1. Quick check: is even one residue across the range 169-188 open to solvent by less than 50 Å² (accessible area, probe 1.4 Å) and in a helix (DSSP H, G or I)?
2. Condition test on Glu238, is it free of Cβ contacts under 8 Å to residues at least 40 places away in the same chain, out of contact with any helix residue (DSSP H, G or I) (no Cβ under 9 Å at 6 or more places or on another chain) and open to solvent by 10 Å² or more (accessible area, probe 1.4 Å)?
3. Go through the range 218-235 and give me each residue that's in contact with a strand residue (DSSP E or B) (Cβ under 8 Å, 6 or more places away or on another chain), closer than 20 Å to Ser346 by Cβ and surrounded by 15 or more Cβ atoms within 10 Å (Cβ to Cβ).
4. How many residues does the range 311-328 hold that are open to solvent by 10 Å² or more (accessible area, probe 1.4 Å) and within 19 Å of the chain's Cα centre (by Cα)?
5. Could you please let me know if Arg288 is touching a residue at least 60 places away in the same chain (Cβ under 8 Å), more than 18 Å from Val228 (Cα to Cα), surrounded by fewer than 17 Cβ atoms within 10 Å (Cβ to Cβ) and of a type in the set (D, E, K, R)?
6. May I ask you to list pairs of residues, at least six apart or on different chains, whose Cβ atoms are under 9 Å apart, with the first in the range 335-355 being more than 17 Å from Val276 (Cβ to Cβ) and the second being hydrophobic (A, V, I, L, M, F, W, C) and open to solvent by 60 Å² or more (accessible area, probe 1.4 Å)?
7. Identify, please: which residue in the range 112-127 is assigned to a loop (DSSP other than H, G, I, E, B) and over 18 Å from Glu381 (Cα atoms) and is, among those, least open to solvent (accessible area, probe 1.4 Å)?
8. Here are Asp253, Asp272: which of them is under 26 Å from Arg366 (Cα atoms), of a type in the set (Asp, Glu) and open to solvent by 30 Å² or more (accessible area, probe 1.4 Å)?
Amino acid sequence: MTSSLTTRPDGCGAVSARGGRVAVVVSGFPRLSETFAVNELLALQRAGRLACVLATKPGDHGTVVSGCDQPGWGLLEPLTTVLSGDDAEQAEQAAEIVRATGGVDLVHGYFAHRPAAIAELTAATLGVPFSFSVHALDVRKVEPVELQRRAANARTVITCNADALATLRDLDIDAQLVPHGVDLDRFHPPASHREPGPSLRLLSVGRLVEKKGFRFLIEAMAAVDDRVRLEIVGDGPERSHLEQMIDDLELGDRVALVGRRSHDELPQLYRDADVVVVPSVIDSTGDRDGLPNVVLEALASGRPIVASDVAAIAVAVRDGAGDDANGLLVEPANVAELGRALIELSERPAVLRQLGRSARRTAVERYDVLECSTRFCRALEAQHV
């Protein structure tokens, strides 16, 4: 897989030459589910800002994510270093690594929990400012009082979605909203128009965990036409439970758990689908998605989306009769409503075409990875000009 950020040299060309160097502290790295991080780190690197990437723990075993291994622009060794020990020990190691690179002007924690804590300690050791990003679950891993204290000491706080922004504002924390983008060159509609076949092909992508809501989607499949087929891409702790559900509901000929797929394989999977389903919910611990990668990738691929109206999904998925409608929103965990939405799209191919065109237009106008990543560069650059 080749990221557009590694092949289109104008990626961060608009960022001024005034900014300084940034050390970025991440969590597990790399991770297939966090390609947005790679895009933004590559943007910093292209702009000449990235001094080093410091991971608080290893990433997905054996995983090579888009851009990480690109010659001359890779984010793995020697740039990425896995730290060890407690917060203070990791910060001490990080400071030593940063000094070895020639120093930095800012330390940025890419998530609000441990990466931000390490970034703050490292910056204090180096005598430079720090900043941090907030995404989804990370904001709920920090006690509110500690998050407020950390934000008060940070030069800036960045968040990628409206749901996390609302959480921060409830705590009187100011933050910049900088959405993640999607690679419009890699994720795009089929080259030629294809009418839906005799069966409607549904695609769902994500870790097999409670907050993704796949059990509700499988239940909904029992109520739709036999011609509707579903593939769920991903793996996780709920796999055996979902397999049992498929067996109990006798859906084995229409619902397939196909396991993990590489990011190289995803674009074609989207193009082969007629509809992408994102049945996210708030799980029993209160965890939920922000704006999942799958939504942006589906939009860029020109696929209509059926999604739960939860967290920040409705910011990107527009329901209704207007020209900007690109999908259908349903109540989270509402099996009957989800089933009705799938039936409606299976019976209305003209609506599928219209929603798909609007989906691509939404991605082009609002979520181009180059534009979004450049905004991230500028947000950090502004802190040390």
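1. No, that holds for no residue.
2. Numbers: free of Cβ contacts under 8 Å to residues at least 40 places away in the same chain: yes; out of contact with any helix residue (DSSP H, G or I) (no Cβ under 9 Å at 6 or more places or on another chain): no; open to solvent by 10 Å² or more (accessible area, probe 1.4 Å): yes.
Spelling it out, it is not the case that Glu238 is free of Cβ contacts under 8 Å to residues at least 40 places away in the same chain, out of contact with any helix residue (DSSP H, G or I) (no Cβ under 9 Å at 6 or more places or on another chain) and open to solvent by 10 Å² or more (accessible area, probe 1.4 Å).
3. Passing the criteria: Ile218, Met221, Val228, Arg229, Leu230, Glu231, Ile232.
4. Total meeting the criteria: 4.
5. When the stated conditions are applied, Arg288 does not pass them.
6. Val335/Ala223; Ala336/Ala223; Arg340/Ala223
7. Here is the first cut: in the range 112-127, the ones assigned to a loop (DSSP other than H, G, I, E, B) are 112-113, 127.
So of that shortlist, the ones also over 18 Å from Glu381 (Cα atoms) come out as 112-113.
On the way: Ala112: 0, His113: 38 Å².
Step by step, filter the range 112-127, then rank; the result is Ala112.
8. Asp272
The values are calculated or read from the model by the stated rules, or taken from the named source; none is laboratory data. Note that the coordinates shown come from a computational prediction; the quantities given were computed from them, not determined experimentally. Heads up, the Cβs are rebuilt from the backbone with ideal geometry, glycines too, and the neighbour counts pull from every protein chain shown. Please note that ligands, DNA and RNA were not included when accessible areas were found on the heavy atoms of the full protein model with its side chains. Shrake-Rupley method; radii C 1.70, N 1.55, O 1.52, S 1.80 Å.
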